1. Note down the nm distance, to one decimal, between modelled labels 7 Å out along Cα→Cβ at Val18 and at Gln124.
2. Quick one: which residues, 5 or more positions from Ile110 or on another chain, have an amide H under 5 Å from its amide H? H modelled 1.01 Å from N in the peptide plane, none for Pro or chain starts.
3. Here are some pairs, Lys22/Lys160; Lys42/Lys159; Lys41/Lys160; Lys41/Lys122; Lys63/Lys137; which of them have Cα atoms lying more than 30 Å apart in this structure?
4. Are there any trypsin sites (Lys or Arg not before Pro) in region 41-147 that are in a DSSP loop and have at most 16 other Cβ atoms within 10 Å? List them by number.
5. How about region 21-111: which chymotrypsin sites (Phe, Trp or Tyr not before Pro) there are in a DSSP loop, with at most 14 other Cβ atoms within 10 Å of their Cβ?
6. Around Gly21, under 13 Å between beta carbons, what's the net of Lys plus Arg minus Asp minus Glu among the other residues?
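Each reported figure results from applying straightforward, stated rules to the coordinates on display, with no laboratory input. Here the structure is a predicted model, which means the values were calculated and not measured. When we count neighbours, we look across all protein chains shown, and the Cβ atoms used for this are built from the backbone with ideal geometry, even at glycine.
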Amino acid sequence: MLYHPAHIATNIATLSKVVGGKVVLGLSRGAFYEYLSIRIKKPLRAVKEAVETIDLLLHSGGKYEGSLFKVSSKTHLKVHAYPDVETYVGTSGPKMIRMASGLKPVRGIIVDNMWNPRYVPKVQESIRIGALRKGRKPEDIDIIPRPFCCVMKDREEAKKIMVKELAKYLPFLVANSPMLAEAGISFKELEDFALHSEERGELAIKIVENF
C-alpha cells in the first residue's frame, strides 16, 4: 500500500461526486512489490488502519491515531463525500480475512485466483470468526471469488495459455497462502512452476486444473 489513505479517500469522494452515487472501493496489501525491492511491513495493520481512516474521512473527518497512518483533527475532504461507499478487501489468507470481516465498513472479501471450491468453506469460516468477534453478522459479508479465466473452444490450448499466465501471477498474488494446501500444491512446487512452467508440463497442468 503505497498511498496514504487520505489520498484514496479523496479519490473515492471525487469519483462518487462524478457518478452521483454509490462507488466501490477495493483495498489489499498489494502485490509485485518484490520487483521494486519494497517490503510491506505489518500488512494486517496497514489494511485495517486504511479502512478505518478512509471511512472516517468519507463520513465526518476527524483525528485518527494509528501506528502506521495518522490524521489530525483538522483534516477534512474538500470534495463533498458521499457515504454510499462499499469497501471490499482482497486477500486469500485467513488472518486478513478474519481481521477485515470484523471491520464495519467492509462489505465483502475478494479472493483472487479462487476456483477451487474446497477452499470456500475455509473462507466462510474465517469470515464467521472475524465477524462474530466484532459483533457483526457473517451473512452480511460477501465472498467474491475472482479466478483467472480463459474461454476457448480448444480446451488444451486454453490450458497452455493459463499455464503462462499463472506462472507470472500466482507466486506474487497467492504466495504461501493456505489456498495452496487445499489444492494439494506446496509452495516449493509453485516456485518451481513459476521458474520452469514451460518444461514442467505435468506440474503445470496439475496447478491449472486444481488451483
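1. The modelled label-to-label distance comes out at 3.9 nm.
2. Long-range HN contacts for Ile110: Val89, Gly90, Thr91, Ile144.
3. Over 30 Å apart, Cα to Cα: Lys22/Lys160; Lys42/Lys159; Lys41/Lys160.
4. Those satisfying the criteria are Lys41, Lys63, Lys74, Lys78, Lys134.
5. Sparse-neighbourhood loop chymotrypsin sites (Phe, Trp or Tyr not before Pro): Phe32.
6. Here the charged neighbours net out to 0.
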